[in-house]
Every structure is written in C-alpha cells, then in structure tokens.
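Asks: Dropping the structure in here first, questions after.
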Amino acid sequence: MAYQVLARKWRPRNFPEMVGQAHVLRALTNALEHNRLHHAYLFTGTRGVGKTTIARILAKSLNCLKGVTAYPCGECAACQEIDTGRFVDLIEVDAASRTRVEDTRELLENVQYSPTKGRFKVYLIDEVHMLSTHSFNALLKTLEEPPPHVKFLLATTDPQKLPPTILSRCLQFNLKRVPLDYISQHLEKILKSEGVNYQLPALQLLAKVADGSLRDALSLLDQSLAYGAGQILTEEIQTMLGSLDRKVVIALLENLADHNASALLQTVAQLAEHNPDFSSVLNELLSLLQICALAQVAPSTVEADQSEAASILNLAQRLSPEDLQLFYQIGLLGKRDLPLAPDLRGGFEMLMLRMLAFRPQAYSQPAIPMQPAISVNHRDRESVPPTQPSAPASPPQSTSYSPVSTQNFSEYSSLEKPESAQDEWSVLVSTLPVSGLTKQLAINCAFKKREGPHWYLVLPGNMKSLLTKKDGLEKILQTQVDDQQCIHINLGYAEGETPAVQQKRVRETQEQVFRDSLQEDDFIRETKQDCQAEVRKIIPLRGNEEIDN
C-alpha cells in the first residue's frame, strides 16, 4: 500500500478530533443541534489551522444519512464519499485557479437544481479572496437569495480583500493559530500511535517552527522521520532545522546577569564553533528576554514542564526589570545593525558588550559613591600636574583625576539610623538577603504599623503584581528573625516613605555633600585658582568599601 503523508492520514473527520478552535466548534455544534443553519459561512485564518477541514466536516454534518447532526456517523455512503472527495453534491473550488467571472458563472449555473444524492448542495470555495471583482458580483447575487438546498462554505487567509457586501452576507469565524503545546501534544499522540521513538524537546522544536500551523507541523514531522530514519531525536532535529539549543542562549543571559565579559565572549566563541546564524541567535535571545520579563510579573506563564523552566525563573529573579527592558531594546536595535557589521560574529560580540556597557545600576540598590573622579577642564588649555599643581616642571596634561577626601561625609550615618518606628521596616529590609522581584516588593512597601511579629505594610496599587512574592518575602523574614513573623500588605498609599524612596533621598543627599565638599577641597581650589580651571563633571565611582562614620 502506498505511503500516505501524515497531514492526510491524520486529518480530522469529525469535530471532536479537531485540535484547538473550540470557539468555532462550539458555535457550529450548537447551530447544528438546534437547526439554526445559515446559508453562508466564512472561515478565516492563517494556513494550516483547519479552515477547509472544518468546512468538510460541516458538509458531512449537513448530509449525513442519519440526519443533520454535529456528530456525523462517518460510516454512511455520504460521509465516506465526502472523506474520499467523491461526493457529487460537495463542489470544491480553488478560487486561486478560477478567478475569471466566466468560471464563477459556470460554477453557479446549476445552483437552482436540487442535490443529486445529498440533503444539501454544498459549495466549498477555498482562497475566496482571489476571485476577481466581477466574480464577486456574480457570487453576490446568489448569496443574496440562495435556494434553500444550497450552502456556501468560504475559506480565506486574507479576509481584508473580500468586499464588504460579501462579508455582510456570511457568518464569519476567525480560526486562531494553534497553541504550541496543543501542536506538540498532537504530534506526541501521532508518534505513539505510529510506534515511533521520539524525544519531547524535539517535538517542541517542531511545534515552534510550525508557528501555529498544524498542517506545517505534520509536514515537518514527515520530513523529520525521513531525516532521522524513523525516529525523532532532539539533536538531529536541531541540525535539520538549523535551530539553536536554548541552553546556549540561557548561558549568554546568565553571563550578562553575572556581568562577566570574559565568560560571555567565551560562550560566543563556543557558539561560533557550530557556525550558527547569529541573527537567529539574537532572535532566540530576544525571545528568552521576553519570557523572563513575563516571568517577573506573572511566574505562572512559565510552564513547569519546560526543560528550562528553572533556569528561566532563576534569571527572572537575578535580573532587574530595568536590565531586561534595556537588553531587549538593545537587541531590537541590534537586529537592524547586525547585517552592517564586517562579520556577524564580531557584530554579535559588540552587541553583547553593549548590553554590558550600558547595564543600569538598579534604582533599588543603595548606591554609596566612594571616591568620585573629578574631571577638571582647563579654560586656557594649560596643564595641571597630577600631584603638584604649582610645579612648573611637570609635563602638560589636559585632564587630571584625583580622589577627594571623605572626611566631610560623617553626616551620612545620621541618614541611615532609624529615628522612628517608621524607619524600622527600612532598616530590617536592608539586612534581608533578598533580590529580584522579592526585593522590589520589600523596598516598595511603606511601613504602616507593627503589632508584635505582625508587620502591616502598604504597597502602591500600580505594583500589585509584586504581591506574588509576598510568601517568599515572609519566609525570608521568618528565617532571619523567627518563625512568628507575619506580613500583611494592603494596596494603597501610606504617609511614610518606602525604603526605595529613602534610599533615593540618601543618594541625592550624598551627591550634594560631595558637590559641596569639592568647593573646599585643596586640590580643586588650587587647580581652579592657578590654572583658571573649572569642574565640569563629577563621576561617582561605585565601590564595596563603606564610608567611615
């Protein structure tokens, strides 16, 4: 017996066998069961989502010898002839090859005659948008006043090209792209029935490439069976599709999270050994960034059965929302610039380094500037020696940098000590080992009151998505203090400052103290006086050392 391709062998023959499209099937089932039938149906949607398949099942439902039903028997002569394409009262037309008005008139010549064998004469016109204007006019007259024994089933991938007069006379059903997990589950079901050895990640790759088209997925499955000699293995599917292992992209993002340029370049070098399409690599990275951003606001979007679920959730915790948004924006702009690079690998490396170079300091972290580098710009372009400003023998330099003493910054300590019960929450938060979204929740909650181990906090309403991290924050608090600690968070606005606002105020005060202290610094004062220089820019250097109180 000749081999039958999977797309035809596994084509649904009734509504329950359909994959997805529940919204369409429900409407058709109700219409058939309650005998509320329209004379014209229009099915729209991208390729391979089931437009003509639903139309053929509907034709069987209308002509099944057991009566009009949502569940045709599949055994009577009418059902079997429709399945094999031999039913005389089902007229299928490909509008792409019959666009002339003469073809349409010839097609509709026999509309007024009763069906030969069936209950209804069904006209199934595929890609109906390809008809000419005159053909639509010829069809419109029949659609306006159709005989009671005629049903029109129209299918198209481009409904925008249909005249409004046609659209207004049809019941329109928009078929959606089939979800990725639906496709992979259907492929798994088929392979089990066929007795084929497979790996689930390979099926997920095929489902992703199919892009919502179940027919494309089945065609790819046929191709994969031929490539893999009757088995579906992940590595072979990756080679066949030229796709990339998601673990490599996760490694790139982990290097970015660690701010590790050396490891990042090493990962790119390992990637280059397999001669990948770096444009595809960038697309995968952008896709992963989107998934991580969604995981931050809605962790439930990351399916637990995904092989990389744990890594994705971990990255969502380690990277701030600002980092993810910046990386995504840089990546989008990089897609435009990547083809302009001398070589794609070099362009991709520069793109990764750009993400490192412009990674922002998270606003929620206390930034204590240690020794600011002072850029001194000289009006007269004369030199300023780096150590002795007044020594004439020093070589000329246009810019000089020198650390400023921190002896005037002891007043910072008073800003970080709790002066009231309201500051108690801020002090506690600064000692908790929290990060990611859990830290965002902690620092954006304002203290309301405390009753023993019970903390009553207020979170702004526009940050309510952070409430998903409440249990995690409470567990950390219980670990660090005692098991009795309990957090109660209401949405709203409190009178007190949040830790995030306090940290911002501390930073601004620190920077102002630095600026004021520069006016009294001996080096700066002498340089300005002797060389007619002026301070143009102050760059705080972030460090790990604490300022002496």
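Here, each number is a calculation from the coordinates, and none is a lab measurement. All values reported here derive from a predicted model rather than from experimental measurement. No Cβ is skipped: glycine too gets one built from the backbone with ideal geometry, and neighbour counts run over all protein chains shown.
Asks: Can you sort CYS531, CYS73, CYS292 from fewest to most other Cβ atoms within 10 Å of each residue's own Cβ? Write down the numbers at each step before the final one.
Replies: Working: CYS531 20, CYS73 15, CYS292 27.
In order of increasing Cβ crowding within 10 Å: CYS73, CYS531, CYS292.
Asks: Just rank ASP103, ASP516, fewest to most, by other beta-carbon atoms within 10 angstrom. Don't skip to the end; give the middle numbers.
Replies: On the way: ASP103 17, ASP516 10.
Ordered by Cβ neighbours within 10 Å, fewest first: ASP516, ASP103.
Asks: Pull up the cross-link candidates among the aspartates and glutamates for LYS176, meaning alpha carbon to alpha carbon under 16 Å and not fewer than 8 places away within one chain.
Replies: Here the aspartates and glutamates satisfying the reach criterion relative to LYS176 are ASP158, ASP211, ASP216.
Asks: So, in Å, what gap is there between the alpha-carbon centers of segment 223-242 and segment 445-505?
Replies: Computed from Cα coordinates, the inter-centre distance equals 52 Å.
Asks: If you don't mind, another one. Set the bar at 25 Å for Cα to Cα. Now go through LYS448/LYS469; LYS449/LYS504; LYS469/LYS504; LYS117/LYS189 and name every pair that lies beyond it.
Replies: Working: LYS448/LYS469 19 Å; LYS449/LYS504 23 Å; LYS469/LYS504 23 Å; LYS117/LYS189 36 Å.
Over 25 Å Cα-Cα: LYS117/LYS189.
Asks: Go through 323-333, 164-174 and give me the packing order, highest mean Cβ count within 10 Å leading.
Replies: Numbers: 323-333: 17.6, 164-174: 14.9.
Answer by packing, highest mean first, reads 323-333, 164-174.
Asks: Please rank CYS76, CYS445, fewest neighbouring Cβ atoms within 10 Å first, as an exposure proxy. Each step should come with its number before you reach the end.
Replies: Working: CYS76 15, CYS445 28.
By the 10 Å Cβ count, ascending: CYS76, CYS445.
Asks: Continuing with this model, one more query. Under 12 Å Cα-Cα from LYS192, which aspartates and glutamates qualify once same-chain neighbours fewer than 8 residues away are excluded?
Replies: Counting by Cα, and skipping residues close in sequence, LYS192 has no aspartates and glutamates nearby.
Asks: Identify all lysines with a Cα-Cα distance to LYS528 below 18 Å; exclude those on the same chain that are fewer than 8 residues away in sequence.
Replies: The reachable lysines, counting only those whose Cα sits under 18 Å from LYS528, are LYS537.
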